[in-house]
Each structure stands twice: as C-alpha cells, then as structure tokens.
Amino acid sequence: MDQLYGYSLYGLSLLTFGGIYAMLALGLNIQLGFTGLFNAGIAGFFVVGAYVSAILSTAPSERHIGGFDWPIPFSLVAAMVVSALIGWAVARICMRLRADYLAIATLGIAEILRLIFKNETDLTNGARGVSYIPKPYESLAQPWNHVMMTVVVLAIVAVLYFMLERARKSPWGRVMAAIRENEDSARAAGKNVDRLRVQAFVVGSAMMGLGGGMMAHHLKFIDPNAADPTTATFLVFVMLIVGGSGNNKGAIVGALLMWTIWSATEIFTSMLPGDLAIRSAYIRVFLIGLMLQIMLQKFPQGLFPEKRLETGSSG
Amino acid sequence: MIDFINFHLIPGLVLGSIYALGAIGVTLTFGILRFANFAHGEIMTLGAYLTLTMMWLTGWHPLILLPVTMVILSLIVIGMDQAFFKPFRNSPAVTVVIASFGLMLMIRSVTQFSWGAQLQAFVPGIQRPNVFFDALRISPKHILIVISAMVLMLVVHWVLAHTRIGKAMRAMSDSPELARLTGINTELVIKATWILGACMAAAAGVFLAYDSHVSTMMGFQILLPTFAAAIVGGIGRPYGAMAGGLLIGVTEELSSYAWLGDGPLLEPGYKAGVSFAIMIGVLIWRPSGLFRGRVF
C-alpha cells in the first residue's frame with residue numbers, strides 16, 4: 001500500500017513537471033510551430049518569469065529586493081508581462097531578418113539574463129538564489145497539497161490549450177500559417193507580416209514566463225542556473241518536435257512523454273555506482289540529441305502531425 | 001597607460017584573434033550553407049581536447065600538433081555534415097538550425113563523457129611574461145597566438161583569393177543559384193567550406209586552451225562573441241569576420257578598463273554582454289555588417 005502511495009506521488013510529480021514543460025512547449029509551438037520563429041533562449045524567458053513571480057510573491061526578505069507578498073495569480077501575470085516585454089524587444093530588432101538572427105539574439109538574451117541574475121546580488125541574492133517562495137495549496141494535508149498543485153498546473157495547461165486552438169483556427173492563426181509557408185504571398189495579400197510575427201513571438205514568450213513562474217512556485221526555490229541554458233531549451237525543442245511541431249495536442253503529449261522519459265532515465269542512471277552515474281548522465285543527453293536528429297530526418301511531423309485547416313472554396 | 005596596454009589591449013588582441021578564427025568558419029557556413037551553425041563552438045572545444053590527448057601521448061607542443069588536429073577535425077566535421085546536415089540541404093533554415101542545436105549538445109555530451117567535465121591545462125603553472133622596455137609585459141604565448149593567427153588569416157586570404165576552390169566558395173557565397181549554373185560542383189565547395197571552417201575552429205580552440213585552459217564549456221562560452229563577430233563583419237565575408245573578431249575581442253577587454261574614475265567601466269562579470277550589445281547595435285543600424293555582407 002505504501003508502495004502504491006509512493007508511485008502515485010511520483011506520478012503526480014511527473015504530471016506537474018510535465019505540465020509546466022507543456023506550457024513551455026505550447027509557447028514554443030506558437031513561435032516555431034505556427035510561425036516558424038526559432039527561439040534559442042527559452043531558458044532565458046523561463047528564468048525571467050521564475051524570478052519575477054518569485055520576488056513579487058515571497059514575504060519581505062533581507063537577501064533580495066522585496067519580497068512583496070503578492071498573491072500568486074498576480075505575480076504570475078506580472079511574470080508573463082515582463083517576459084512578453086523582453087520578447088517584444090528582441091522580436092522588434094530581429095523580425096525583419098531571417099530566423100537564424102533571431103536564434104542568435106535569443107541565445108544572447110538568455111545568457112545576458114543569466115549574468116544579470118547572477119551578478120546583481122542586491123536584487124536577486126546572486127548565485128544563492130531566492131528561497132521560501134510560496135506554493136499554491138501548500139497548507140493542505142500531505143497528499144492533497146500535491147494533488148492540488150497538479151490540478152492547478154493541468155488546469156492552466158487546459159486553458160492555454162483551448163485558447164491556442166481557438167487562435168489557431170481564427171483568421172489570425174491562418175495568417176500565421178500562411179506567413180510560415182510563404183512569406184512573400186502573405187505580404188502580397190496585404191498582411192503586415194512583421195507585426196504578426198512579433199505578436200506570435202510575444203505571446204509565446206509570455207507563456208514561457210508563465211511556465212517559469214509556475215516552476216518557481218512548485219520548487220519553492222530559484223537560482224540563476226535553475227534552467228541550464230542549453231539543456232532546458234533543448235529539452236523543450238525535443239518535446240515539441242517529438243510531439244509534432246504545429247500541433248498543440250502534440251506539444252502537450254510531447255512534453256509529458258519526454259519529461260517522463262527524461263525523469264525515469266535519471267532514476268535509472270543515478271542507481272549506477274559513482275563515476276558511472278555521472279558519465280551516463282552525458283549519454284542520456286547524447287541519446288536525446290540523437291532522437292531529435294532521427295525525428296527531424298525521418299519523422300519531421302512528429303507523433304501528432306499538424307492538422308491542416310480546410311481552406312474552403314478558394315476558387 | 002602601460003597597465004592599459006598590458007592588461008587590456010594585449011589580452012584584447014589575443015581574444016580578438018581567437019574570435020576572428022572562429023568567426024571565419026561561422027561566416028562561411030552561414031554564407032554558403034545558409035544557416036547559423038550552433039555546433040561551431042563545440043567543434044572548437046573538440047579541437048582543443050584532441051590536441052590535449054595528443055599532447056599526453058607525444059609530449060609535443062600544442063602548436064606543433066595543430067596541423068594534425070586540423071586534419072582529424074576536418075574529417076570529423078565532414079562526417080557530421082554527411083550525417084546531420086546533408087539531409088537538410090533543401091529544407092527551411094529553421095530545421096537545419098534545430099539540427100545544429102541538437103548536434104551541439106551531442107558533441108558536448110561526447111566530450112564530457114570522454115574527458116570529464118573538470119578543467120584541464122595544456123601547460124600547468126603560470127608562465128612568466130617577458131618584459132620589454134622595463135614596463136611592457138608580453139607573455140610569450142600571447143606573441144605565439146597572435147602571430148600564428150595572423151599567419152592563418154593570410155592563408156585563408158590566399159585560399160579565397162588565389163585558388164580555384166576558394167574562388168568557387170566566394171562565388172557560392174554570393175549567389176548559390178548562379179554558382180550552380182556556371183557548373184561549380186556545389187557538394188565539393190561545401191566540403192571545402194567545412195574543411196576551412198574546421199581548420200580555423202581547431203586553431204581557435206587550441207589557442208583559447210593555450211591562453212587559458214581546456215574545458216567542455218569553452219567553445220559554448222565563445223559561441224556568442226563568435227556569432228557576433230560574423231554578423232558585425234558581414235555574413236559571408238571572411239575578412240569581415242577577422243575585423244569583427246578583433247573589434248569585439250578588443251572592445252570586450254577595454255570595457256573593463258577604468259575609463260572614468262577608479263573602478264572598471266563595466267564590471268568584468270558582464271564582459272560577455274559587450275559582444276551582444278555590439279551585435280544588437282549592428283543588427284539595428286547596419287544589418288549587412290561592416291563589410292556589406294548578405295542579409296537574409
């Protein structure tokens with residue numbers, strides 16, 4: 001019975017982390033899947049969201065600026081707004097150039113943000129991070145606090161999913177697909193391509209900020225290395241590509257599936273003795289990378305291929 | 001004043017030469033294969049570790065082993081191109097960039113697995129700098145790095161300006177369709193591009209390791225300044241990459257000089273931000289870069 005209880009808690013934890021990653025994957029799906037924009041700095045937007053929500057919602061502390069004791073929903077909204085603003089600034093500069101420039105610039109933004117959170121010790125407590133971050137429903141009794149956290153995360157994912165599905169089928173979503181498929185013809189049809197792209201990038205960035213905020217509240221702690229700049233970004237990419245770029249359901253399933261694989265293999269490798277455990281962690285990254293390459297080359301559509309919208313009578 | 005030269009200008013030139021060599025490969029792949037290769041940093045790292053391993057085996061100086069490293073690294077990089085980039089020759093750029101991002105982490109995990117994540121050094125201990133005119137302190141390794149980098153840049157210039165394959169590379173960078181129409185063997189040019197880029201990456205990795213240390217993150221740490229150097233110089237412009245590299249390396253080091261008052265102008269912790277700021281400035285005001293490169 002105890003064992004079953006343990007497994008259930010582990011399952012809840014998988015769903016919670018997987019759900020938070022699903023927010024990131026859905027955000028990337030708007031950028032990459034819908035619009036064809038490459039964001040190599042997912043970790044940066046994630047960390048900004050985490051810090052903003054953490055600092056606004058914690059009780060006042062000597063170690064960092066604030067805390068401001070905000071209710072969590074408000075701090076999460078603030079996290080989304082700040083991430084969106086940074087996304088807007090990057091997108092404005094790079095949008096008239098090709099995807100590669102945006103990739104380089106977003107990689108740079110993630111790095112600069114990490115430097116700021118690390119060096120500005122008065123604001124962020126530097127490398128020691130922000131702790132005692134409140135968690136939703138943490139005062140409930142033992143299993144129910146975990147259950148409620150999972151419910152909150154999955155509810156947010158569900159809301160995002162329905163909003164994104166509506167957006168995808170709306171005229172706005174159709175124009176996005178048109179831009180990705182043939183930019184020139186979308187432009188010729190009188191669409192303001194650059195502005196629409198900036199919009200998609202900003203919405204995606206906001207969702208990554210939300211994911212970061214939720215992660216901060218779930219872990220109750222955040223430091224500048226919370227999201228290892230490449231592995232975190234990379235994992236979200238793999239999730240979306242495996243699930244199916246351009247498909248919201250694919251993004252969610254990909255996130256839950258890849259998180260389960262990532263987490264379960266960690267349990268396995270950590271059981272290996274000493275040095276071997278450290279080394280096999282590298283093999284894990286290698287295999288995930290290889291999996292991405294195979295998916296890209298052989299199954300570029302992923303598990304859930306993008307559903308094409310009926311174009312209607314285009315005569 | 002002499003502190004300025006000893007501790008800022010000379011290290012800046014050394015760092016700049018390293019960025020310049022790295023950026024040559026980035027700008028050529030960007031110009032000819034049309035994608036930003038995120039794996040380029042890890043290729044430099046791999047070059048440093050290959051040299052380190054051969055030093056363990058032979059005990060020779062890293063600069064003597066550099067040509068061997070270049071050959072091995074070129075073969076490895078051509079293999080990578082065949083396995084991971086060739087299938088995407090006609091795909092949208094985003095797909096290739098994702099593939100290169102994945103390859104970056106695959107190479108890094110291989111280096112971490114093979115050589116461990118801890119720092120290593122080519123030459124243990126601290127080298128005493130030579131002192132000229134009682135005040136000018138230049139370490140011998142810095143002289144070696146800057147001179148070797150200059151020689152390599154001249155070689156790149158000679159290849160691009162005077163050899164058949166070099167001219168074909170420049171033609172393809174200017175217009176791939178036109179190059180194909182005139183009968184240039186594009187796959188051969190692509191191979192040559194990877195070889196030239198890999199040789200310069202090997203040199204950049206070895207010089208960087210010789211200047212400081214060998215670590216599995218060293219290539220990634222200079223990836224952003226390397227990209228910045230290629231963009232500042234103009235995509236597809238190797239001479240631009242050299243100028244951009246030197247400009248960024250020197251600016252990074254000069255940014256922490258006490259220009260105003262006693263403290264450094266910019267905290268050294270933010271040095272990495274300098275290249276980014278220069279790159280953003282160029283993207284806003286002159287996206288084609290200093291040498292009027294391509295804008296995609």
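Values in this text are rule-based calculations from the coordinates and carry no lab data. Worth saying up front: this structure is predicted, and the values here are computed from it rather than measured. Positions of Cβ are backbone-derived with ideal geometry, glycine not excepted, and every protein chain shown enters the neighbour counts.
Across the protein assembly as shown, the convex hull enclosing all Cα atoms gives 176 Å³ per residue. Provide the FRET efficiency to the nearest 0.05 for the A:R195-A:A158 pair, computing r from the beta carbons and using R0 = 25 Å. The calculated FRET efficiency here is 0.25. Peptides A:38-51, B:24-37, A:289-302, A:8-21 ranked from most to least packed give A:38-51, B:24-37, A:8-21, A:289-302, packing being the mean of other C-beta atoms within 10 angstrom over each peptide's residues. For the residues A:L37, A:L154, A:L276, a GNM of chain A with alpha-carbon springs under 10 Å puts the largest fluctuation on A:L276. In terms of the Cα gyration tensor, with a ≥ b ≥ c the square roots of its eigenvalues, is segment B:180-276 rounded because a/c is under 1.5, prolate because a/b exceeds b/c, or oblate? Here segment B:180-276 falls in the prolate category.
Taking packing as the residue-averaged number of other Cβ atoms within 10 angstrom, the listed peptides B:196-202, A:96-102 run from highest to lowest as B:196-202, A:96-102. Taking 23 Å as the cut-off for C-alpha to C-alpha distance, list the pairs among A:K220/A:K249; B:K167/B:K191; B:K141/B:K167 that go past it. In this structure, A:K220/A:K249; B:K141/B:K167 exceed 23 Å between Cα atoms.
For the peptide A:35-47, the mean number of other protein chain Cβ atoms found within 10 angstrom of a residue's Cβ is 1. The spacing between segment B:199-238 and segment B:84-121, judged by their C-alpha centroids, is 15 Å. Using the Cα coordinates of chain B, the gyration tensor eigenvalues translate into equivalent-ellipsoid semi-axes of 31, 23, 18 Å, sorted from longest to shortest. Where a ≥ b ≥ c are the square roots of the eigenvalues of the C-alpha gyration tensor, would you call segment A:114-235 rounded, which needs a/c under 1.5, or, failing that, prolate if a/b is larger than b/c, or oblate? Here segment A:114-235 falls in the oblate category. For segment A:99-115, 3J(HN,Hα) computed residue by residue from phi via the Karplus equation (6.51, -1.76, 1.60; θ = phi - 60°) reads 3, 4, 5, 4, 4, 5, 5, 5, 4, x, 4, 4, 5, 4, 4, 4, 4 Hz, glycine and proline entered as x.
Helix A:229-243 and the longest principal axis of the C-alpha atoms of chain A enclose an angle of approximately 60°. For segment A:10-228, the spread of Cα coordinates along the three principal axes comes to 58, 37, 27 Å, biggest extent given first.
Convex hull volume of the Cα atoms of segment A:146-208, normalised per residue: 74 Å³.
When the Gaussian network model of chain B links Cα atoms closer than 10 Å, the mean-square fluctuations of B:S109, B:S148, B:S91 top out at B:S91. Using the Karplus relation 6.51 cos²θ - 1.76 cosθ + 1.60 with θ = phi - 60°, the per-residue 3J(HN,Hα) values for segment B:194-207 come to 4, 5, 4, x, 5, 4, 5, 5, 4, 4, 4, x, 5, 5 Hz, with x marking Gly and Pro. Just check segment B:1-96 against the gyration tensor rule for me: Cα atoms, a ≥ b ≥ c as the square roots of the eigenvalues, rounded for a/c under 1.5, and otherwise prolate or oblate depending on whether a/b exceeds b/c. It comes out oblate by the Cα gyration axes. Between segment A:237-265 and segment B:239-296, the C-alpha centres lie 38 angstrom from each other. Axis angle, to the nearest 10 degrees, between helix A:248-270 and the longest C-alpha principal axis of chain A: 40 degrees.
Distances between placed amide hydrogens fall under 5 Å for B:I235 paired with B:G293, B:R294, all partners being 5 or more residues away or on another chain.
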